[in-house]
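I have placed the structure first, in the form of C-alpha cells, so that the comments after it can refer back to it.
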Amino acid sequence: MTDWKLQREVLGIIVLPLSTMVTCKETRAVIIALHKKVFTGKDIAAYKITTKSTIYRIIKNFTESGSIVVMKASGRPRKSSKCQDRLLKLIQLRDRGTTSTELAQEWQQAGVSASARTMRQSLLEDGLVSRRAAKKPLIFRKNIRDRLIFCQKNRDWTAEDWGKVIFSESPFRLFGASGKKLVRRRQGERYHQPCVMPTVKHPETIHVWGCFSAKGVGSLTILPKNTAMNKEWYQHILREHLLPTIQEQFGAVQCLFQHLAIRQKR
C-alpha cells in the first residue's frame, strides 16, 4: 500500500495521514486517544498527524482541563470600564456630528487612553453607526404644530375635497445646500432631529412663486434679481397671478387657497 493511501491502525485507533485529517476537533481526539494509550508526544509525532509543538500543546491542555474542548480565550483587557462606555455614548448622543478625533479627545479627558478606532468599536457595540446625515427642510415648532392641526382636522377629506385646494410655494433658492455631514445613529433614527442636516429656503439670487392644484399648475412668477418678497409684491402676485389661475381652474366653484399655515377661502 502506498504512503498517501496508508492507514495505520494502532491499538484499535485508526490514524490517518496529516493530509486527510478533517477538523481540529478530530485531530485533538486522535492525539488524546493515543496519549491515553501511553504514547508519548514523540511517538504520536511519528504518525505525522500534526506538528510536534501542536501535539505537546494539546496534551498539556488536556492534562490541565481534562477536556479536548478548547476554552474560549478571555481576549485583550478592555481599555474602558462600563461607566466610561456609557459616558462616551452620552457624549455622542449630545452631538451626533462629533467626529471620532473629537470624541477620542473628550474620552481621554475622562481618563481613557484609547485610540479613535477603539472608540468607534465601543460605539458600534451600542448600535451607533456612522452614516451620512439625511437632508430635511428646517421646520420650526410653530409650523410643525400648525401642519399637524391641519392634518388632524382634515384627515377625513376625500380626493374630491383635496381637488378643491390650490397650493402656493414661497420664494426659494434654486440650488440647495451642498456637501455632506456624517452622524452616528442607530437603526430607525435616520430622520430623528439630531441625525438630519437641516436645509433652509435661502432668499437670494432668483425668487420664484407659483401655485398648483389637482387641476394642474398655475402661472410661474419670477421676481427681478435682488428683489425681496414684501407685502406689496405678494399682493401684486396674488392679484395678477393667483386670482386668474383660480378663475381658470375653478370658475365659480368655491376653492381653498393653501399657503403654509395660512388658509383663505375664495
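The values are calculated or read from the model by the stated rules, or taken from the named source; none is laboratory data. Note that the structure is predicted; figures quoted are calculated from it, not measured. Note: ideal-geometry Cβ built from the backbone for every residue, glycine included; neighbour counts use all protein chains shown. Areas reflect the complete protein model, heavy atoms only, side chains present, ligands, DNA and RNA absent. Shrake-Rupley method; radii C 1.70, N 1.55, O 1.52, S 1.80 Å.
Just name the residue that is farthest from His259 (Cα to Cα) out of those in segment 224-244 that are open to solvent by less than 80 Å² (accessible area, probe 1.4 Å) and under 41 Å from the mean Cα position of the chain (by Cα).
Checked segment 224-244; the qualifying residue farthest from His259 (Cα to Cα) is Ala228.
Yes or no: Ile91 within 18 Å of Glu26 (Cβ to Cβ) and touching a residue at least 12 places away in the same chain (Cβ under 8 Å)? It would help to see each step written out before you state the result.
Numbers: within 18 Å of Glu26 (Cβ to Cβ): no; touching a residue at least 12 places away in the same chain (Cβ under 8 Å): yes.
It is false that Ile91 is within 18 Å of Glu26 (Cβ to Cβ) and touching a residue at least 12 places away in the same chain (Cβ under 8 Å).
Looking only at segment 128-151, how many residues end up being under 14 Å from the mean Cα position of the chain (by Cα), more than 16 Å from Pro198 (Cβ to Cβ) and either of a type in the set (Gly, Ala, Ser) or outside any strand (DSSP E or B) (or both)?
2
Do we have Leu93 as under 30 Å from Arg131 (Cβ atoms) and of a type in the set (A, V, I, L, M, F, W, C) here?
Values: under 30 Å from Arg131 (Cβ atoms): yes; of a type in the set (A, V, I, L, M, F, W, C): yes.
Here the answer is yes, as Leu93 does meet what is asked.
Is there a residue being open to solvent by 30 Å² or more (accessible area, probe 1.4 Å), of a type in the set (S, T, N, Q) and over 15 Å from Gln121 (Cα atoms) anywhere in segment 79-100? So that I can check it myself, show each step before the final result.
Looking only at segment 79-100, we keep the residues that are open to solvent by 30 Å² or more (accessible area, probe 1.4 Å), and these are 79, 81-84, 86-87, 89-90, 93-95, 99.
In the following step, the residues that additionally are of a type in the set (S, T, N, Q) were identified as 81, 84, 99.
So of that shortlist, the ones also over 15 Å from Gln121 (Cα atoms) come out as none.
Taking every residue of segment 79-100 in turn, none turns out to be open to solvent by 30 Å² or more (accessible area, probe 1.4 Å), of a type in the set (S, T, N, Q) and over 15 Å from Gln121 (Cα atoms).
Take the residues of segment 99-108 that are part of a helix (DSSP H, G or I) and not charged (D, E, K, R): which is farthest from Met197 (Cα to Cα)?
Taking segment 99-108 as the starting set, the residues that turn out to be part of a helix (DSSP H, G or I) are 100-108.
From what is left, the residues that are not charged (D, E, K, R) are 100-101, 103-105, 107-108.
Details: Ser100: 18, Thr101: 21, Leu103: 20, Ala104: 23, Gln105: 24, Trp107: 25, Gln108: 28 Å.
Top of the filtered list is Gln108.
Of all residues in segment 212-228, how many are within 23 Å of Cys255 (Cβ to Cβ) and in a loop (DSSP other than H, G, I, E, B)?
Final tally of qualifying residues: 2.
Just checking, does segment 214-222 include any residue being surrounded by fewer than 11 Cβ atoms within 10 Å (Cβ to Cβ) and at pLDDT 75 or above? Quick ask: steps written out before the conclusion?
So in segment 214-222, the residues surrounded by fewer than 11 Cβ atoms within 10 Å (Cβ to Cβ) come out as 216.
Now narrow it down to the ones that are at pLDDT 75 or above: 216.
Yes: segment 214-222 contains one or more residues that are surrounded by fewer than 11 Cβ atoms within 10 Å (Cβ to Cβ) and at pLDDT 75 or above.
Residues to consider are Gly66, Gly111, Gly75; find the one that is open to solvent by less than 90 Å² (accessible area, probe 1.4 Å), over 43 Å from the mean Cα position of the chain (by Cα) and at pLDDT below 85. Write out each step before concluding.
Details: Gly111 fails: over 43 Å from the mean Cα position of the chain (by Cα); Gly75 fails: over 43 Å from the mean Cα position of the chain (by Cα).
Just one listed residue meets the conditions, Gly66.
Would you be able to tell me the number of residues in segment 1-46 that are assigned to a helix (DSSP H, G or I), modelled with pLDDT under 75 and hydroxyl-bearing (Ser, Thr, Tyr)?
2
When residues of segment 109-127 are filtered for being closer than 12 Å to Asp85 by Cα and assigned to a helix (DSSP H, G or I), how many remain? Quick ask: steps written out before the conclusion?
Taking segment 109-127 as the starting set, the residues that turn out to be closer than 12 Å to Asp85 by Cα are 110-112, 114, 118-126.
Subset that is assigned to a helix (DSSP H, G or I): 118-125.
Looking only at that region, the number is 8.
The conditions are (1) on the phi < 0 side of the Ramachandran plot; (2) of a type outside the set (A, V, I, L, M); (3) free of Cβ contacts under 8 Å to residues at least 60 places away in the same chain, and Gly97 fails exactly one of them. Which is it?
So Gly97 meets the others, but not (3).
In this structure, is Leu123 touching a residue at least 60 places away in the same chain (Cβ under 8 Å) and out of contact with any Leu (no Cβ under 6 Å at 6 or more places or on another chain)?
Working: touching a residue at least 60 places away in the same chain (Cβ under 8 Å): yes; out of contact with any Leu (no Cβ under 6 Å at 6 or more places or on another chain): yes.
For Leu123, the condition - touching a residue at least 60 places away in the same chain (Cβ under 8 Å) and out of contact with any Leu (no Cβ under 6 Å at 6 or more places or on another chain) - is met.
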